[in-house]
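Worksheet for the structure shown next.
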Amino acid sequence: MIDFELTPEQREIQRLAREFAEKEIRPVAAYFDETEEFPWEIVRKAHKIGLTTFSYPEEYGGGGIDDPITSLLVSEELAWGCAGIATAINGTHLPVAAIMAMGTTEQKKKWIPMFCDPDNCKIGAMGLTEPGAGSDVSSIQTTARREGDYYVLNGTKQFITNGGIADIHVVFATLDRSKGWGGVAAFLIDDKNTPGLSMGRKEKKMGVRASHTAQIILEDVRVPVENRLGGEPGDPEYVPGYIGGLKMLEHTRPGVAASAIGIARAAYEYALEYAKQRIQFGKPIIEHQAVAFKLADMATKIDAARLLAWRAGWMRHKGIEFKRGEGSMAKLFAGDVAMETTINAIQILGGYGYIKEYPVEKWARDAKIYQIWEGTAEIQRLVISRAIAKYGR
């Protein structure tokens, strides 16, 4: 039996996230979009009440709510408030997902609790993308070489959320370029003041401007051998870097979809209320078919995107493999829906939609990145097409 009814616990966390988005995020969203400052105080408040750690294992100090649907509910509500601030709040989930996907038991025990102290908010960064290695991750140029009890890392990481300001950085590097993905491993740098680790250019972005995005520069950064995620080949819990990286992205794509849905929902709700109040030719514009049909398409596609995301979350919870690219389907469709919905919201508002006094132009700028990061829309289609070619129905 399929049941779409949320549990009382899910509704309570959804309510908590919605109230936080409404009271703490929305009132300052325009300010942080304009200034591109990192919203430290809001991130600390979210951390204090458990919005950053509720999904981490209880044994490591987290909330222990391992139901992926709950995470999707929270991501949607926070992005409804502001996608940039939501990214600042949720950005640490990616390096934590990397630790959970490929870390040994001892590594998890050591590092996950660092993120769970409600009185000490630590943020993380995950360094995968490079200036010359975006969609083609196998072409990573950052190198790692073993020197005694350390690995020495050299290279540059590009477009890194929380890059340089994070307390902990997870960095992917190649041990052997000739092996492509197979030569890649992940390393954890647990001190942002580690010699040789520095922040490069901070990017000025079109959207999600409250989120800090910057280069990470690695110049002879010495990382202890025990900080190689998954350990060494031959270790009992060894996880190859490329497998861990794929698991990490597979687990996070539905959450990216949920955030895109939050943006789309914000734009749809605003356009709907505007259409009810705006009078043209003697009646509210929602009574004009051209506008009404746009809103009908928005509502339908937002619900369809949410169902795809929830299916992926349900599959994760049940331990069902994404054989047909179900995580990619959710991310792909939700990103496209967010972009289409926000552009149509601008159209419904007309000239007002194009000026900063109204929030829909910001939502359109925020939406675009959801067709790009954590795998472009084109890469998602590649993943899906390869999956259906292999597994069919």
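Of note:
- Test: Val137 is within 18 Å of Thr252 (Cα to Cα), assigned by TED's automatic domain parsing to the domain that holds Arg222 and of a type in the set (A, V, I, L, M): yes
- Unmet criterion (only one of (1) farther than 30 Å from Trp310 by Cα; (2) in contact with a strand residue (DSSP E or B) (Cβ under 8 Å, 6 or more places away or on another chain)) for Ser211: (1)
- Some residue of region 216-225 being touching a helix residue (DSSP H, G or I) at 6+ places or on another chain (Cβ under 9 Å) and either free of Cβ contacts under 8 Å to residues at least 40 places away in the same chain or outside any strand (DSSP E or B) (or both): no
- Flag if Phe32 is of a type in the set (Phe, Trp, Tyr) and closer than 18 Å to Ser75 by Cα: no
- Some residue of region 148-171 being at pLDDT 95 or above, within 21 Å of Asp136 (Cβ to Cβ), of a type in the set (D, E, K, R) and surrounded by 15 or more Cβ atoms within 10 Å (Cβ to Cβ): yes
- Within region 339-393, if we keep just the residues that are under 26 Å from the mean Cα position of the chain (by Cα) and basic (Lys, Arg), the residue that is surrounded by the most Cβ atoms within 10 Å (Cβ to Cβ) turns out to be Lys362.
- For region 277-313, a residue qualifies if it is of a type in the set (Phe, Trp, Tyr), more than 12 Å from Ile348 (Cα to Cα) and surrounded by fewer than 17 Cβ atoms within 10 Å (Cβ to Cβ), and exactly one does: Phe281.
- Wholly within region 9-113, helices (runs of 4 or more DSSP H) carrying at least 2 residues that are within 18 Å of the chain's Cα centre (by Cα) and among the β-branched types (Val, Ile, Thr): 40-48, 68-81, 83-90, 93-102
- Against the numbered list (1) out of contact with any Asp or Glu (no Cβ under 8 Å at 6 or more places or on another chain); (2) among the small types (Gly, Ala, Ser); (3) crowded, with 19+ Cβ neighbours inside 10 Å, Gly230 comes up short only at (1).
- Qualifying residue in region 244-253 (condition: at pLDDT 95 or above, closer than 30 Å to Arg365 by Cβ, part of a helix (DSSP H, G or I) and β-branched (Val, Ile, Thr)): no
- Test: residue in region 7-18 that is touching a residue at least 60 places away in the same chain (Cβ under 8 Å), under 27 Å from Ala214 (Cα atoms) and of a type in the set (D, E, K, R): no
- Scope region 121-134; condition part of a loop (DSSP other than H, G, I, E, B) and either modelled with pLDDT of 95 or more or not assigned by TED's automatic domain parsing to the domain that holds His169 (or both); matching residues: Cys121, Lys122, Ile123
- Any hit, region 335-344, residues being in contact (Cβ under 8 Å) with a residue 24 or more places away in the chain, at negative phi and among the hydroxyl-bearing types (Ser, Thr, Tyr): yes
The values are calculated or read from the model by the stated rules, or taken from the named source; none is laboratory data. Not measured: the values here are computed from a predicted model. Cβ: placed from backbone, ideal geometry, glycine included. Neighbour counts: every protein chain shown.
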